[in-house]
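All of the numbers you see were taken from the coordinates with simple rules; none came from a lab. Here the structure is a predicted model, which is why all the values come from computation and not from measurement. Note that we place each Cβ from the backbone using ideal geometry, even for glycine, and neighbour counts take in every protein chain shown.
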Amino acid sequence: MDAQQKPTPPPEAVLIKEALKKARISGREAARRSDVSNTRWRQIISGYQTVSGSHVPVRAPAETVARMAQATGVTADQLRSAGRPDAADALVELAELAGTPNPSSLGGAEGVQVEAIASLLASLSPEGREHVLRRFQDGMPGAASPADTSDIRHRRAG
């Protein structure tokens, strides 16, 4: 490869970059969420770093790719499809450490729904994630409790 020619980004980098756009978060924010420096994030996503004027290919460690995937909502199955089963396994381990159930252990549509919710949660800031989880602990989000609906009926009748 010519020293000035830029290497093609690896499939996992393309996947994470697309997820970043879908999640509508900046690379800087995703880097912060994944505990990766902004410079290293850009190198991994572009697939190269510049050393002495030459473009040198970059292959990120599995744990780094897993944290990047978690920050952007990329799933373990997507990482496997992109040829990074090592990063997929690391992502599953991250979820287990965080106490998140492995959605692939659930069957059918429920597993897909859990995976989608987990991806959405991963795309939130820590504060946003805490807020959503608090709502779940308090009951189903958006659902009115019987006391709430009773109060509404009394106000209408009065």
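Maximal additional length on extending the Thr50-Asp89 stretch stands at 11.1 nm, based on 0.36 nm per residue less the C-alpha distance. For Tyr48, nonlocal amide neighbours, meaning residues 5 or more places apart or on other chains whose placed amide H falls under 5 Å from its own, are Val58.
Here is the list for the range 5-35: trypsin sites (Lys or Arg not before Pro) lying in DSSP coil, each with at most 15 other C-beta atoms within 10 angstrom of its C-beta, are Arg24.
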